[in-house]
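Everything on this sheet refers to the single structure shown next.
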Amino acid sequence: MRKYKFVIDPGHGGKDRANKGHSGRYVEADGNLQFALYLRDYLNPYFHVVLTRDKDKTLSLTERGRMAKGADMFLSVHSDAYTSNSSGVTIFDSVDLKNEDIAKNIGKAVADAMGIPFRGSREKESSRHPGEDYYTVIDVAQDGGCPCVLLLERGFHSNPAEEKKLLNANIVQASAEATANAIKKYYKIQEVMSMGRIFKDIEDDRWSAPYIEAAKELDIINGNDDGTFNPAGSLTREQAAVLTVRLYEKITGRKVVK
Ligand SMILES: [Zn+2]
């Protein structure tokens, strides 16, 4: 079902919490994380989602970029700073990959959801290393083989009106949802829950439905590729082994099987 892997990188955090909004109330590290957590929730039913950090934590740009290895898409999440009049959403793609189409779709979707201008998609080349990306995180992510690498600037926190929007949880959530929708469209992902159900053959009033849905959301049990779950099917010994290990990994946070 979930064949694409998606890495979200909430920029900054840990020792790097200096970027603040015009009023000082908005902290970029926290705003990026809030957006990333909403985005993870919206993408989780459709993608295998990994966050470079899911809490306030120090990570180097290289460490972040390396986590893109094996992923289909890597999105670094930021907000911008320049003057108090600077306004709008910008999105960067790699000079080597040219993911302009999806970059534009995401950038436009975020700008519309926030009610601010879209400044366009850009590629920034390093002046010291021509042919390489200016942004370390983009450069490292694409060097590792990830085919789609983006860096999103969700408006300017140096602009008082945009700082307010970045502090508004409803707007942050709406812009994360708009991002998820643009990504699903790009990968031609069908709305599996459009009927209010996760699996075609699980009715909402089935006694076990809440457990099956929870197990799916916890990423412990997946259904079949055709969108069914086969609720009365029996468990084989090998499936029991997989379940046991997945549970162990979930609870301990330790990865045992690669
Ligand atoms: Zn930033």
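The values are calculated or read from the model by the stated rules, or taken from the named source; none is laboratory data. No experiment lies behind these values; they were computed from the predicted model shown. FYI the Cβ positions are ideal-geometry reconstructions off the backbone, even for glycines, and counts take in every protein chain you see. The protein model used for the area step is the full one, side chains on, heavy atoms only, and it has no ligands, DNA or RNA in it. Shrake-Rupley method; radii C 1.70, N 1.55, O 1.52, S 1.80 Å.
General observations
- Compared with the dominant principal axis of the Cα atoms in the chain, helix 237-252 is inclined by about 40°.
- Working ranking of peptides 241-247, 108-114 by packing, defined as the average number of other Cβ atoms within 10 Å per residue, highest first, is 108-114, 241-247.
- The chain - Debye-derived log10 I(q)/I(0), Cα point model, q = 0.11, 0.13, 0.17 Å⁻¹: -0.65, -0.87, -1.31
- Normalising the average separation of contacting C-alpha pairs (under 8 angstrom, six or more residues apart) by the number of residues puts the relative contact order of region 35-134 at 21 percent.
- Karplus 3J(HN,Hα) series, Hz, for region 125-136 with 6.51 cos²θ - 1.76 cosθ + 1.60 (x for Gly, Pro): 8, 5, 7, 6, 10, x, x, 9, 6, 5, 7, 3
- In Hz, Karplus ³J(HN,Hα) per residue of region 204-219 (6.51, -1.76, 1.60; θ = phi - 60°; x = Gly, Pro): 4, 8, 5, 4, 8, 3, x, 6, 5, 5, 5, 5, 5, 5, 6, 6
- Probe 1.4 Å - accessible area at LEU33, Å² to nearest ten: 20
- Sorting 120-129, 145-154 by their mean Cβ neighbour count within 10 Å, with the most densely packed peptide first, gives 145-154, 120-129.
- Angle between the chain longest axis and helix 28-43 axis [Cα atoms, degrees, rounded to 10]: 30
- Scaling against 2.2 N^0.38 Å puts the C-alpha radius of gyration of region 6-99 at 1.12.
- A helix-only calculation puts the chain at -11500 deg cm²/dmol for mean residue ellipticity at 222 nm, using -39500 (n - 2.57) for each DSSP H run of at least four residues, averaged over all residues.
- Sparse packing (at most 12 other Cβ atoms within 10 Å of the Cβ) combined with a DSSP loop state is found for none of the chymotrypsin sites (Phe, Trp or Tyr not before Pro) in region 127-190.
- Surface/4 of the Cα convex hull for region 209-252, nm²: 3.3
- Cα long-axis angle, helix 100-114 against the chain (0 to 90 degrees, to the nearest 10): 80
- Computed over protein heavy atoms with a 1.4 angstrom probe, the accessible surface ordering of HIS22, HIS48, largest first, is HIS22, HIS48.
- Viscosity 0.692 mPa s, 37 °C: Kirkwood-radius Stokes-Einstein D of region 72-176 over Cα pairs, µm²/s: 235
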